[in-house]
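Below: the structure, in structure tokens.
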Amino acid sequence: MKYNFDQEINRYNTSSVKWDEVDTIFGGENLLPMWVADMDFKVPEPVIEAVKQRAEHGIFGYTARNDSYYEAIIGWMERRHNWKVEKDWICHAPGVVPALGMLVRTFTKPGDKIIIQPPVYYPFTNVVEKNERVIVPNPLKYKNGRYVMDLEDLENKIDQDVKMIIISSPHNPVGRVWTKEELTQLGNICLKNNILVVSDEIHFDLILKGHTHTPFASISEEFAQNSIVCTAPSKTFNLAGLQTSNIIIPNPSLREQFTNTIESLFIGMTNTFGLVATESAYRYGDEWLDQLLEYLQQNAEFLTDYINQYIPELKVVPLEGTYLVWIDCRDLSLEVKQLEHLMQKEAKVALDEGYIFGKWGEGFTRMNIACPRTTLEEGLRRIEKAVKSIRGVASK
Ligand SMILES: Cc1ncc(COP(=O)(O)O)c(C=O)c1O
């Protein structure tokens, strides 16, 4: 089946955070939403069918995960990621961010240190600080238009209070797909220093041409025993509203501790539709995903060409994975708030401004390109017009 990602679908009045809340959240009118990470595409047809069929049944009582559900996940991990996952390793959580919060609470104590690699998905900071743990930033290095991990800095930051590192793999917002070598070096440092690796791999299926995602726990048995891999079908298949994620924990002792936390909060049950959608996506979603990746690749190329040609003040950081493009706006020579004003008030495009990912993101902006090309083009036109209006002004 050929999917039509060019189709524009009106998402207003669906209680969409991205569309219905954008004006309130950003404080504007008629903003074009290119921010929060969900897509303006319909999910694969088999998923819609499975959910419809389940809805027709008409009874939505407490729902248990069954063998067929686990088989679908195991099949996906093996087929798409060459990763053999055992059924017992798969724990449920109502979302990756809630899982991160629970992992922090389960495996660290208040006052312990947790490493993150900014600029990074801002809830990492929240789950650490709101649980009274201490952030240790290990900022990424931006060299020649590409981000890399700073492993020397990582080693220098480690002391006996550091208990955990949370990585984003692939990395939101800089769009890197970490290589096996990079992950291996990081993993060895963590093993040597008894630091538990929490690898947030929610974007793991969104990998562009020429890049390969490596599940952290697939690298070696030692890494598997010292890590927790957070996965979900939500980014891949646009199912975030169904609140279903799979937290993969090969180490039985770590798994038992995490399960105890889940049970203490009584949140172990699965959303009826989340279960059905996850299973059908993982069983029948390959073809749709392959076409989506092709479309995202073309969107990324369209955006890069457009910016190079018409808005040369901006520099696109090459996108390797995710559908979130990190754009270097520093040549505009604007203060953080001026840049935000330009995008939100002048261009009327809602983007995630770089500073929300930590001070290392200042001067950058993040654009969600999981939308029809017409929407992307409209966003770029608006930004081009706004930048034109200040050309020659900002630098005076
Ligand atoms: C790195 C990362 N982790 C987690 C999430 C959200 O996960 P969930 O909706 O399952 O809590 C996102 C969403 O953008 C993300 O980018």
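Tabulated data for the structure shown
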quantity: Residue under evaluation Asn194, criteria (1) part of a loop (DSSP other than H, G, I, E, B); (2) at negative phi; (3) more than 16 Å from the ligand (Cβ to nearest atom); (4) among the polar types (S, T, N, Q), criterion not met; calculated: (2)
quantity: Out of Ile207, Ile219, Ile267, sole residue that is open to solvent by 20 Å² or more (accessible area, probe 1.4 Å) and in contact with a His (Cβ under 6 Å, 6 or more places away or on another chain); calculated: Ile207
quantity: Residue, nearest to the ligand (Cβ to nearest atom), within the range 315-336, restricted to residues that are open to solvent by less than 10 Å² (accessible area, probe 1.4 Å) and among the β-branched types (Val, Ile, Thr); calculated: Thr322
quantity: Residue in the range 131-150 that is of a type in the set (Phe, Trp, Tyr) and away from the ligand (no atom under 16 Å from the Cβ) present; calculated: yes
quantity: Members of the range 200-227 found to be in contact with a Cys (Cβ under 9 Å, 6 or more places away or on another chain) and more than 10 Å from the ligand (Cβ to nearest atom), listed by number; calculated: Phe223, Asn226, Ser227
quantity: Among (1) in a helix (DSSP H, G or I); (2) surrounded by 21 or more Cβ atoms within 10 Å (Cβ to Cβ), the one test that Val229 misses; calculated: (1)
quantity: Subset of the range 339-396 (residues that are assigned to a helix (DSSP H, G or I) and open to solvent by 80 Å² or more (accessible area, probe 1.4 Å)); calculated: His341, Lys345, Glu346, Lys359, Trp360, Arg381, Lys385, Lys388
quantity: Filter result for the condition that a residue is under 16 Å from Ala281 (Cβ atoms) and either out of contact with any Cys (no Cβ under 8 Å at 6 or more places or on another chain) or surrounded by fewer than 19 Cβ atoms within 10 Å (Cβ to Cβ) (or both), over Trp76, Trp83; calculated: Trp76
quantity: For Thr304: the one exception among (1) in a loop (DSSP other than H, G, I, E, B); (2) assigned by TED's automatic domain parsing to the domain that holds Glu377; calculated: (1)
quantity: Odd one out for Gly358 among (1) at negative phi; (2) out of contact with any Gly (no Cβ under 7 Å at 6 or more places or on another chain); calculated: (1)
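Here is a yes/no grid of residues against (1) touching a residue at least 24 places away in the same chain (Cβ under 8 Å); (2) within 21 Å of the chain's Cα centre (by Cα):
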| site | (1), (2) |
| --- | --- |
| Met269 | yes, no |
| Glu301 | no, yes |
| Asn308 | no, no |
| Leu314 | yes, no |
| Asp328 | yes, yes |
| Leu334 | yes, no |
| Gln344 | yes, no |
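The values are calculated or read from the model by the stated rules, or taken from the named source; none is laboratory data. Keep in mind it's a predicted model, so treat the numbers as computed, not measured. Cβ atoms come from the backbone with ideal geometry, glycine included; neighbour counts cover every protein chain shown. Heads up: the accessible areas ignore ligands, DNA and RNA and are worked out on the full protein's heavy atoms, side chains in. Shrake-Rupley method; radii C 1.70, N 1.55, O 1.52, S 1.80 Å.
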